[in-house]
Every structure is written in structure tokens, then in C-alpha cells.
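A.B. asks: Attaching a single structure in C-alpha cells format; questions to follow.
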Amino acid sequence: MIALSVAEIAEIVGGRLCDITATRAAQTRVSGTVEFDSRRISAGGLFLALPGARVDGHDHAAAAVAAGAVAVLAARPVGVPAIVVDPVPGDRRAGVLEHDSDGSGAAVLAALAKLAAAVAARLVAGGLTIIGVTGSSGKTSTKDLLAAVLSPLGEVVAPPGSFNNELGHPWTVLNATADTAYLVLEMSARRRGNIADLAAIAPPSIAVVLNVGTAHVGEFGSREAIAQTKAELPQAVPESGVVVLNVDDPAVAAMAATTRARVVRVSRGPHPPNPGADTVWAGPVRLDPLARPQFALHSAAGTVEVTLGVHGDHQVGNALCAAAVALECGATPEQVASALGEARPASAHRMAVHTRPDGVTVIDDSYNANPDSMRAGLQALAWMARQQAPRRSFAVLGEMAELGADAITEHDRIGRLAVRLDVSRLIVVGTGRAMSAMHHGAVMEGSWGAESTMVADTDAALAVLRSELQPGDVVLVKASNSAGLATVADTLIAEHGGGDSRR
């Protein structure tokens, strides 16, 4: 974070000083990172006291100061130097923290947002470019690709993993410094207005909208409501900015009418709608044996051949959006192609491919899942298994969360798709209604014998895999993070000496 005094921060967030004099607060500067985990605090840092499932950050304030924090941002006095903000009844940020019974977490998050907004404004005035990314799926992968293609142009700050809500978003902003050239922000939503609120903290000059799917439809009620919420990002870009839209999705293409900014359209082509100076598109897409896409990247700056370093046909749209942003920021097509070829999954458990010494290939996509990404994962699995016969394919699938009334139907469809793609073995992990629907969907689609099986938990899934996997088999592990299937992926990769993620 840029260096600010404790007194300056108190003024920005509207807090009062506790256990520190005004003179001392004016002299003491926060020069380290802002952290909400007291174990990660460093010298000169600012500690955020937030309530958690098992502990309250307020109880760890003293430990954070002992570890090097110069002050604590809190909702009550904590016995060490602190900036205290009062809870605001009904603050919507309370929805981010499940255990915020008294509104203290909401108060700290509101203050964090004010601090991030002030820092972002100063950095933008100094030349920082802010890029916002949203979409029902692919946000994290695209964020990682953006960091890769922009790095040759200057220092990039991007969130680790999926830090994309009211906590992770401002936290990422505060990781930027005066040396940061590009700030890449991933934006998710659970309700209308979420993305608009995030964009207000750090207004983007470049926005990317990937797609509108059915992820979180249980919270929004309809795909139309999801589209309206995603459109809040292009609406936040000023007339001087740029909005990158994946026009292969009609709902995204329609957002061109909602923004004042110049629109750059991306498409898989090979004949995109209305190609022109503001169009970036891919020629025919080919996949290598590990489902890494190869294509010609076309733009007004020229045409260049690209071989992605990431896996899955669905990554083409993500890469096109990243390329469009990089070209807008001054990269050459050759720089873009090189960066995309060298990029690897930077966030854990997202379409990472590991081949073990015994020849078993593990596709670890266990962090998140929705119907669109689940289909993409199964298609990548089927492709890899077909490349070197005989290769058997195993799909270890868990629940897709937050689908609401569509959960049974969508899980049934995934089970049926696994059969249609000729997946050798479907292992459904979990015993709820949704997982039962996935298993029975496979059975009704034509699964025979033990092609599809339900197991209660990750231990049972691992037991099946250990007894059946043979050299050369390909395994996809995919579910929403709440299903805990990352354990399965990690264990499979670690066994037999781990794996080479570049093979």
C-alpha cells in the first residue's frame, strides 16, 4: 500500500483514534500490507479486525501489533493502537461475513472500502490503469491471463485466487503501490448492485465481460437478472475508457448499448460479426493432446499464431479478452502471443493438468463449478482421453453450489453429458439430492454396470480411484469449493511422486 499515516487513514475512513495520541498517529505511517489474518501481518502493516467462523479478529489485535502492525482497524477498542469505526445498522456488507452478528465486520469492511477508494484515486492520478473483469465463469482464469500478458508492460497487481468480493476487492486495491502500472480486479456478485459497488471503490478504465451463465441463479432468480448485474461493470466505465465484450454470448453483446465507453468485441470467429478495427478474434481453433488451444489471433495490429499454455477449449474466449486488453495497453501481437504461450494456471485448483510418473493425468479443476464450467471440464477430459488410445477417463464430480431451483435439473444434465461424452467412469461424490440427480441422470442416459457410482465422501472417492486407476488414465476432479474435492486432487497428484504440470 502507499504509505499513509494512521491519522490520515482515520480521517479517510471517518474513525476515531484509540490507545494512540493524535501526535503519535500523525507520525506513525502504515507502510506495510493490510491484512485480515494476524499470522500474515508484517512490519508497518495495518490489521483488519473481522469476525470469523471460529475467532474474532478483535481478539487477535494485540498479537497483530506484536507481530509488527502499527495499528488496527476495528469496530471497538482493542487495547492497542486502533482506528475505531462504529457499526452501521443494515449495512449490506454484512452479507459477506456469515458470523457478523453485531455488525462489527460490516463497519470494518465499509471503512476498508473508503480507504481503498482513496488510495485508488491517488494511484489513478499518478497513472495507474484499473482493469475490471466479470462473468459467470472464467473470471479467475482470465484475471491470471491478464496478469501474464500485461507483465511485460509494467508492474501488475492482481488478486490471489478468487479475491473478488467486498473483502478481497478492496484488499487487492490496497496491495497496489506507486510502482504499479496495472491493477487487475476480479468482480463477483451475489445480488444486484454488487458490481456497481465494487466498481465505485476502484473505477475501471477498462472492463471485460466474459459471459452470462447460470452460476448463482439461485441467488438472482433468472439469467436475465444475472445479465443486468454483469452489465453494471461496463456501465461504470467512463466515456474515455474501453469495454471488452465477448460477443459470442448474445447477452454480453447486448451490453454494448449500455456503456458510454468505446467497445472492443472479441469472438472465436473465424468470421466474427461485423469485424473491424475494434474486433479481436481467433481463427479456427485446434487442440493439442492435452487440450491446449492453438489458433491465429487477429486484430487491427496484425495476425499472430498463438499456442496457449493453459488447458481447455473454453480458455480461448478468456485468452481473447486478455489479448484485447493487452493490445489496448500497447502490447504488440507478438508480445501477447509469447505471454499467452508461457502462461500457466496461477490460481490453485483451476484447470491445472498434472501427469504423474506412472502416466496418470490429473485435471485439477476442483475450486469452482457451475453448469458451463462443468461442461467445459468434461469436454477437456474427453478430448485428452481420445488422443492416446487406450486411455480411460474418470470424472470425479461434486456439487455445483448456488443453483437454487435449477440444481436438480442441472446436475441431471451433467450426469447425462458424462455418458454422452463416453466418460469411462463417473464418480459422484456426495449423497444429497443434487448428487443423486447427477448419478441417476447418467444411469438413465445409458450408463451400464458400474460406469457411474455414488460415494459418500472424498475418502470413498479416493478408495475407488486407488483400486481402479491404471497408467495412462485421465482423471478430472471438479466441484464447487464447498464440496472439498481439492483434497482428492491434491492426494492424487502427490501419490506416485507428484506430477509435471507442464506436460
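The values are calculated or read from the model by the stated rules, or taken from the named source; none is laboratory data. Predicted model, so just to flag it, every value in this text is computed and none were measured. Quick reminder, even Gly has a Cβ in these numbers, built from the backbone with ideal geometry, and neighbours come from all protein chains shown. Remember, those area values only see protein heavy atoms, side chains included, never the ligands or the DNA or RNA. Shrake-Rupley method; radii C 1.70, N 1.55, O 1.52, S 1.80 Å.
A.B. asks: Could you tell me how many of the residues in region 2-14 are assigned to a loop (DSSP other than H, G, I, E, B) and either farther than 25 Å from Asp59 by Cβ or open to solvent by less than 20 Å² (accessible area, probe 1.4 Å) (or both)? Break it down stepwise before answering.
C.D. replies: Step one: filter region 2-14 for residues assigned to a loop (DSSP other than H, G, I, E, B), giving 2-3, 14.
Within this subset, residues satisfying the condition of being either farther than 25 Å from Asp59 by Cβ or open to solvent by less than 20 Å² (accessible area, probe 1.4 Å) (or both) are 2-3.
The total comes to 2.
A.B. asks: Further question: Kindly evaluate Arg350 against the criterion of being of a type in the set (Lys, Arg), at pLDDT below 95 and in contact with a helix residue (DSSP H, G or I) (Cβ under 9 Å, 6 or more places away or on another chain).
C.D. replies: Details: of a type in the set (Lys, Arg): yes; at pLDDT below 95: yes; in contact with a helix residue (DSSP H, G or I) (Cβ under 9 Å, 6 or more places away or on another chain): yes.
Yes.
A.B. asks: Ok, one more. As an exercise: evaluate Val156 against (1) closer than 18 Å to Ala196 by Cα; (2) open to solvent by 20 Å² or more (accessible area, probe 1.4 Å); (3) not in a helix (DSSP H, G or I) and give the number of the one condition it does not meet.
C.D. replies: All conditions pass for Val156, except number (1).
A.B. asks: So is Ser188 of a type in the set (S, T, N, Q), outside any helix (DSSP H, G or I), at pLDDT below 95 and in contact with a Phe, Trp or Tyr (Cβ under 9 Å, 6 or more places away or on another chain) or not? Steps first, answer last, please.
C.D. replies: On the way: of a type in the set (S, T, N, Q): yes; outside any helix (DSSP H, G or I): yes; at pLDDT below 95: yes; in contact with a Phe, Trp or Tyr (Cβ under 9 Å, 6 or more places away or on another chain): no.
Criteria not met by Ser188.
A.B. asks: If you don't mind, there's one more thing I want to ask. Which condition breaks for Ala437 when tested against (1) at pLDDT below 95; (2) surrounded by 18 or more Cβ atoms within 10 Å (Cβ to Cβ)?
C.D. replies: (1)
A.B. asks: If I filter region 187-197 for residues that are in contact with a strand residue (DSSP E or B) (Cβ under 8 Å, 6 or more places away or on another chain), open to solvent by less than 30 Å² (accessible area, probe 1.4 Å), under 26 Å from Val280 (Cα atoms) and of a type in the set (Ser, Thr, Tyr), do I get at least one hit?
C.D. replies: To start, the set of residues in region 187-197 that are in contact with a strand residue (DSSP E or B) (Cβ under 8 Å, 6 or more places away or on another chain) comprises 187-189, 195.
In the following step, the residues that additionally are open to solvent by less than 30 Å² (accessible area, probe 1.4 Å) were identified as 187-189, 195.
Now restrict to residues that are under 26 Å from Val280 (Cα atoms): 187-188, 195.
Retained after the next criterion (residues that are of a type in the set (Ser, Thr, Tyr)): 188.
Scanning region 187-197, I find at least one residue that is in contact with a strand residue (DSSP E or B) (Cβ under 8 Å, 6 or more places away or on another chain), open to solvent by less than 30 Å² (accessible area, probe 1.4 Å), under 26 Å from Val280 (Cα atoms) and of a type in the set (Ser, Thr, Tyr), so the answer is yes.
A.B. asks: So which of Val264, Val244, Val316 ends up being over 30 Å from Ala348 (Cβ atoms) and modelled with pLDDT of 95 or more? Break it down into steps so the answer makes sense when it comes.
C.D. replies: On the way: Val244 fails: over 30 Å from Ala348 (Cβ atoms); Val316 fails: over 30 Å from Ala348 (Cβ atoms).
None of the others qualify; the one that does is Val264.
A.B. asks: Now a separate question. Working only within region 445-503, note down all residues that are within 25 Å of Asp422 (Cβ to Cβ), part of a loop (DSSP other than H, G, I, E, B), modelled with pLDDT of 95 or more and among the charged types (D, E, K, R).
C.D. replies: Passing the criteria: only Asp473.
A.B. asks: Search region 321-337 for residues that are without any contact (Cβ under 8 Å) to a residue 40 or more places away in the chain and pair each with any residue that is of a type in the set (A, V, I, L, M, F, W, C) and open to solvent by less than 10 Å² (accessible area, probe 1.4 Å) when their beta-carbon atoms are under 7 Å apart and the residues are at least 6 apart or on different chains.
C.D. replies: Correct list of pairs: Pro333/Leu297.
A.B. asks: Part of a helix (DSSP H, G or I) and either at pLDDT below 95 or farther than 21 Å from Gly135 by Cβ (or both), is that true of Asp358? Don't jump to the end; show me each part of the working.
C.D. replies: Working: part of a helix (DSSP H, G or I): no; either at pLDDT below 95 or farther than 21 Å from Gly135 by Cβ (or both): yes.
It is false that Asp358 is part of a helix (DSSP H, G or I) and either at pLDDT below 95 or farther than 21 Å from Gly135 by Cβ (or both).
A.B. asks: Please determine, by comparing only the residues of region 125-134 that are aliphatic (A, V, I, L, M) and more than 11 Å from Thr180 (Cβ to Cβ), which one is most open to solvent (accessible area, probe 1.4 Å). Steps first, answer last, please.
C.D. replies: Our first condition is that a residue be aliphatic (A, V, I, L, M); within region 125-134, this holds for 125, 128, 130-131, 133.
Remaining after also requiring more than 11 Å from Thr180 (Cβ to Cβ): 125, 131, 133.
Numbers: Ala125: 91, Ile131: 0, Val133: 0 Å².
This residue is Ala125.
A.B. asks: Okay, next question. Looking at Val119, Val108, Val157, Val133, which is the one that is closer than 18 Å to Thr33 by Cβ and within 20 Å of the chain's Cα centre (by Cα)?
C.D. replies: Numbers: Val119 fails: within 20 Å of the chain's Cα centre (by Cα); Val108 fails: within 20 Å of the chain's Cα centre (by Cα); Val133 fails: closer than 18 Å to Thr33 by Cβ.
None of the others qualify; the one that does is Val157.
A.B. asks: Give me the pairs: first residue in region 349-366 and under 21 Å from Ala483 (Cβ atoms), second residue open to solvent by 20 Å² or more (accessible area, probe 1.4 Å) and of a type in the set (Ser, Thr, Tyr), beta-carbon distance under 7 Å, and six or more apart or on different chains, which are they?
C.D. replies: Final answer for the pair search is His349/Tyr367; Arg350/Ser141; Arg350/Tyr367; Met351/Ser141; Ala352/Ser501; Val353/Ser501; His354/Ser501.
A.B. asks: Next question. Scan region 322-338 residue by residue and report those that are surrounded by fewer than 24 Cβ atoms within 10 Å (Cβ to Cβ) and either in a helix (DSSP H, G or I) or within 23 Å of the chain's Cα centre (by Cα) (or both).
C.D. replies: If we filter region 322-338 for residues that are surrounded by fewer than 24 Cβ atoms within 10 Å (Cβ to Cβ), which is where we start, we get 327-335, 337-338.
Result: Leu327, Glu328, Cys329, Pro333, Glu334, Gln335, Ala337, Ser338.
A.B. asks: Now for a separate question. Scan (1) part of a loop (DSSP other than H, G, I, E, B); (2) among the small types (Gly, Ala, Ser); (3) surrounded by 24 or more Cβ atoms within 10 Å (Cβ to Cβ) for the single condition Ala207 breaks and write down its number.
C.D. replies: Unmet for Ala207, out of (1) part of a loop (DSSP other than H, G, I, E, B); (2) among the small types (Gly, Ala, Ser); (3) surrounded by 24 or more Cβ atoms within 10 Å (Cβ to Cβ): (1).
A.B. asks: If I ask for residues that are within 19 Å of Asn175 (Cβ to Cβ) and free of Cβ contacts under 8 Å to residues at least 40 places away in the same chain, which ones from region 6-21 would you list?
C.D. replies: Passing the criteria: only Glu8.
Here's the yes/no breakdown for (1) buried (at least 24 other Cβ atoms within 10 Å of the Cβ); (2) more than 20 Å from the chain's Cα centre (by Cα):
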position: Leu381; (1), (2): yes, yes
position: Pro390; (1), (2): no, yes
position: Ser393; (1), (2): yes, yes
position: Glu399; (1), (2): no, no
position: Ile408; (1), (2): no, yes
position: His411; (1), (2): yes, yes
position: Arg420; (1), (2): no, yes
position: Ser424; (1), (2): no, yes
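A.B. asks: A further question follows. Is it true that Leu183 is among the aliphatic types (A, V, I, L, M) and closer than 22 Å to Thr33 by Cβ? Don't jump to the end; show me each part of the working.
C.D. replies: Values: among the aliphatic types (A, V, I, L, M): yes; closer than 22 Å to Thr33 by Cβ: yes.
It is true that Leu183 is among the aliphatic types (A, V, I, L, M) and closer than 22 Å to Thr33 by Cβ.
A.B. asks: Give the residue, chosen from Ser222, Ser188, that is within 26 Å of His314 (Cβ to Cβ), among the hydroxyl-bearing types (Ser, Thr, Tyr) and free of Cβ contacts under 8 Å to residues at least 12 places away in the same chain.
C.D. replies: On the way: Ser188 fails: free of Cβ contacts under 8 Å to residues at least 12 places away in the same chain.
The conditions single out Ser222.
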